[in-house]
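Have a look at the structure below, then the notes.
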Amino acid sequence: MTATTAPVEQAATTPHDGRRVRIGFWIAIVLVGLLLAVLTAAVQGTNGPSSTPLDPTSAGASGSKALVRVLEQQGTDVRVTDSADGITGGTVFVDDSERALDRTVARRLAREAAHVVLVSTSATALDAFDLDVEPTAQVDGDDTVSTASCTIPAASNASRITATGTAYAVPDDKRASAGTVLCAPTGTGDDRAWGLVRVDTPGGDVTLVGTTAVFRNDTITTAGNAALALGLLGDDDALTWYTPKPGTPDAAPTLGTLAPPWVPSALALLALVAVAAGFWRGRRLGPLVVERMPVVVRAAETTEGRARLAARTRDRTHALDTLRIAALRRIGRRLGLLRSAHVDEVVRAAAHATGIPDTRVGEVLVGGPTADDRSLVAGAAALDDLERAVTAATTGDQQTDTDRRGARP
């Protein structure tokens, strides 16, 4: 009794064991994902140096803490803010590297601020300040350009500055404008672009700075970078370092802020539904099972089925070509040729063995389109005659006169 029931019990518990293994596998995957998410959040949440370019609180290579410290030591009151409400009098440095400056805020600064120093490639911000320029190139490397002849006092005092940053193209009519000052040129001819552009505003002036290397901790001591940065930002007793951030109330609207508040939750719910549907359908499909066919289809039945299909579609040429290909293989094998032998080799070998002209053998084995049933029957008969002739030639049997008349033209 025990020997009889043991296999049954083992078979009954096997699916449950497999299910437990699959469930344990997915639980392990989820736990590993949660652990990675926690570690990522912990690493990103550490109070390490910021990698944000021109961050006034960062002592990293791309930050600007060194410039802020020097400005404060020279008596400039530096106020760092990401809100337009925090902008006070004096010089305003607008770091729009994230292209989040709102048009309304930019127009207000153009009306009210006496001196604005702008870092931006946003078309919205450039148009709001009436800057008819276009960022055309990203300048890399450590090359310096001369600013000694620039009419901007801070630039002329610097003499030479690092050109690393963004270069702006200016239309020809604006280059000759009395209210536009262009400095720090790069390129030649039609490719000439500028790293410094100053235009007049209703409230004073705005200086567009593409040569952002003059503000960075790692390059501020190069050439006259420090002189330019301190001259642009340290003329007044107060400096507002304004960095608009995406998502803040006074930042330019983005697709996320324009969407209704329920959209993120709906997208997250749809994602969960898609994952659940994938698991559900995967469980319903189950593993692949190899099943033997209950019947064996004979080759003759397959051949007959294909013949009926060719007859139904009246594809006589395809039917005769099928017979020709099979005859080519048999004749080539009979003559001792390789399976990869070209049809021309088979034709020449068959003609040499049987004494039938090459052209006649080629017409039989290759031929052309088959127009009607009579041509199909004649072509099949010619193939049979040719095979009999090859067989007779290779085995030494003598052909009858009837066979020779059928095989020859």
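The values are calculated or read from the model by the stated rules, or taken from the named source; none is laboratory data. Everything numeric here is computed off the predicted structure, so don't read it as measured data. Ideal geometry is used to build each Cβ from the backbone, glycine not excepted, and the neighbour counts take in all protein chains shown. Only protein heavy atoms, including side chains, enter the accessible area calculation; ligands, DNA and RNA are left aside. Shrake-Rupley method; radii C 1.70, N 1.55, O 1.52, S 1.80 Å.
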Which is of a type outside the set (V, I, T), at positive phi, in contact (Cβ under 8 Å) with a residue 40 or more places away in the chain and open to solvent by less than 30 Å² (accessible area, probe 1.4 Å), of G195, G187, G165?
G165
When residues of segment 73-119 are limited to those that are touching a Phe, Trp or Tyr at 6+ places or on another chain (Cβ under 9 Å) and among the small types (G, A, S), the one farthest from G247 (Cα to Cα)
A110
What number of residues within segment 327-384 satisfy the criterion of being in a loop (DSSP other than H, G, I, E, B) and acidic (D, E)?
1
Listed by first then second residue, the pairs whose first member lies in segment 369-394 and is hydroxyl-bearing (S, T, Y) and at pLDDT below 90, whose partner is open to solvent by 30 Å² or more (accessible area, probe 1.4 Å) and in a helix (DSSP H, G or I), with beta carbons under 6 Å and at least 6 positions apart or on separate chains, are T370/R316; T370/T317; T370/L376; T394/R334
Quick one: would you say L309 is touching a residue at least 60 places away in the same chain (Cβ under 8 Å), over 30 Å from F25 (Cβ atoms), among the aliphatic types (A, V, I, L, M) and part of a helix (DSSP H, G or I)?
no
Hey, can you tell me all the residues within segment 83-98 that are open to solvent by 40 Å² or more (accessible area, probe 1.4 Å) and either among the β-branched types (V, I, T) or under 18 Å from L67 (Cβ atoms) (or both)?
T88, S97
Residue set R308, R329; condition open to solvent by 90 Å² or more (accessible area, probe 1.4 Å), out of contact with any helix residue (DSSP H, G or I) (no Cβ under 8 Å at 6 or more places or on another chain), modelled with pLDDT of 85 or more and of a type in the set (D, E, K, R); output residue R329
Give the residue, chosen from G367, G379, that is buried (at least 18 other Cβ atoms within 10 Å of the Cβ) and under 20 Å from A307 (Cβ atoms).
G379
Just to be sure I understand, how many residues within segment 180-212 are in contact with a Gly (Cβ under 6 Å, 6 or more places away or on another chain) and not in a strand (DSSP E or B)?
3
How many residues are at pLDDT 75 or above, open to solvent by less than 30 Å² (accessible area, probe 1.4 Å) and either in contact with a helix residue (DSSP H, G or I) (Cβ under 8 Å, 6 or more places away or on another chain) or more than 30 Å from I161 (Cα to Cα) (or both) when one looks only at segment 227-280?
11
Find all pairs meeting these conditions: Cβ atoms under 6 angstrom apart; at least six residues apart or on different chains; first residue within segment 213-242 and outside any loop (DSSP other than H, G, I, E, B); second residue open to solvent by 40 Å² or more (accessible area, probe 1.4 Å) and of a type in the set (A, V, I, L, M).
W241/V80
How many residues are outside any helix (DSSP H, G or I) and buried (at least 17 other Cβ atoms within 10 Å of the Cβ) when one looks only at segment 56-79?
8
